[in-house]
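Worksheet: the structure to be examined is printed underneath.
The values are calculated or read from the model by the stated rules, or taken from the named source; none is laboratory data. Because the structure is predicted, anything quoted here is derived from the model rather than measured. Cβ: placed from backbone, ideal geometry, glycine included. Neighbour counts: every protein chain shown.
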Amino acid sequence: MSESNLGGPFTFPGTSLTVQRMGYGAMQLAGPGVYGPPADPDAAVAVLRGAVAAGVNHIDTSDYYGPHVTNQIIRQALHPYPAGLVIVTKLGGRRPPDKSWQRAISPQELTAGVHDNLRNLGLDALDIVNYRVMGSGHGPEEGSIAEQVTVLADLQRKGLIRHIGLSNVTASQVAETQAITDVVCVQNLYNLAVRHDDALIDDLARQRIAYVPFFPLGGFSPIQSSTLSSVASRLGATPLQVALAWLLHRSPNILLIPGTSSVAHLRENLAADKLTLSREILAELDGIGAASHAGR
């Protein structure tokens, strides 16, 4: 074990925004199914305050979580915001009363989404906004996103957005966006078992662009889960801690946003930074995703 420093600092490219590599994802602060208020609002506030007290200065959110719920809790818990806190939000979706996840990608919807985020977070400008591509499946789908990115770039010129990122996108969509505006981060599904973005991560690392993986334990087969659990047992850690530690080791541009609605679980997640992974352990963990990596 080593002393925790939340993964060390990372500065988003072309910005003055520096965050610790271990952040916090606020999605689980909403009610069941990421809809409605939490059962225990005081606990949600305590988690956010606990994260900031522990040194976390990168919070990931969206106004369509709830909808509006997580941003309102963030404002209640942390406003006025401490110096250096970076709040990253996302646009591209909406949550109608049937609790489904729908696209919200017209210029009017994207503009309204920015104003919803500003109002509910209590901000004059948003640090970083990710355009989230809402596909029909579980992963990115090819297709132009130039129209939506152009809307965000216009809102950036107006001073409502400081920096732009992307979520659930392909490498070609990243390139398409970069022809329109600078990209400071990409947020996609990636973990020990789901390694389809290996080449994209390496390319973004060369550009010093942040890569923010979500679902650190998503898409595991029973055999892969068994291997991870075995490693975790030997290290005296949880499978999630090992998965997070591996992601920190994978590339210096990877930022983590594990979410939880529990202060105890928050501390457990942040302690992943203390894990030391030997060369042998890393080789064993890399083997978990070997099949998916070979099949890219």
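Before moving on, here are some points about what is shown:
- Residues located in segment 1-49, provided they are among the acidic types (Asp, Glu) and under 27 Å from Leu247 (Cα atoms): Glu3
- Scanning segment 1-16 for residues that are in contact with a Ser or Thr (Cβ under 9 Å, 6 or more places away or on another chain), surrounded by fewer than 20 Cβ atoms within 10 Å (Cβ to Cβ) and under 18 Å from Val186 (Cα atoms) gives Pro9, Thr11.
- Cβ pairs under 8 Å, 6+ apart, first in segment 80-104 and over 15 Å from Asn120 (Cβ atoms), second assigned to a loop (DSSP other than H, G, I, E, B) and basic (Lys, Arg): Trp101/Arg95; Gln102/Arg95
- Within segment 198-220, the residues that satisfy the criterion of being over 11 Å from the mean Cα position of the chain (by Cα), buried (at least 18 other Cβ atoms within 10 Å of the Cβ) and within 22 Å of Ile128 (Cα to Cα) are Leu200, Ile201, Leu204, Ile209.
- Every test in (1) of a type in the set (Ser, Thr, Tyr); (2) out of contact with any Pro (no Cβ under 9 Å at 6 or more places or on another chain); (3) part of a helix (DSSP H, G or I) is passed by Ser229 save one, and that test is (2).
- Of all the numbered requirements in (1) touching a helix residue (DSSP H, G or I) at 6+ places or on another chain (Cβ under 9 Å); (2) outside any helix (DSSP H, G or I); (3) crowded, with 16+ Cβ neighbours inside 10 Å, Asp116 misses one, and that requirement is (2).
- Matching option when the condition is within 30 Å of Gly31 (Cβ to Cβ), buried (at least 20 other Cβ atoms within 10 Å of the Cβ), at pLDDT 95 or above and touching a strand residue (DSSP E or B) at 6+ places or on another chain (Cβ under 9 Å), among Leu228, Leu244, Leu248: Leu244
- Of the residues examined, Ala53 is one that is surrounded by fewer than 18 Cβ atoms within 10 Å (Cβ to Cβ), of a type in the set (Gly, Ala, Ser) and under 20 Å from Asp273 (Cβ atoms).
- Note on segment 277-294: residues that are modelled with pLDDT of 95 or more and polar (S, T, N, Q) amount to 1.
- The sole residue among Val184, Val169 that is of a type outside the set (Asp, Glu), touching a Phe, Trp or Tyr at 6+ places or on another chain (Cβ under 6 Å) and crowded, with 21+ Cβ neighbours inside 10 Å is Val184.
- Test: residue in segment 212-235 that is closer than 19 Å to Pro258 by Cα, among the polar types (S, T, N, Q) and in contact with a Lys or Arg (Cβ under 6 Å, 6 or more places away or on another chain): no
- Test: Gly36 is surrounded by fewer than 18 Cβ atoms within 10 Å (Cβ to Cβ), under 18 Å from the mean Cα position of the chain (by Cα) and at pLDDT 95 or above: no
- Single condition Ala264 does not satisfy, out of (1) under 28 Å from Val86 (Cβ atoms); (2) touching a residue at least 24 places away in the same chain (Cβ under 8 Å); (3) part of a helix (DSSP H, G or I); (4) out of contact with any Gly (no Cβ under 8 Å at 6 or more places or on another chain): (2)
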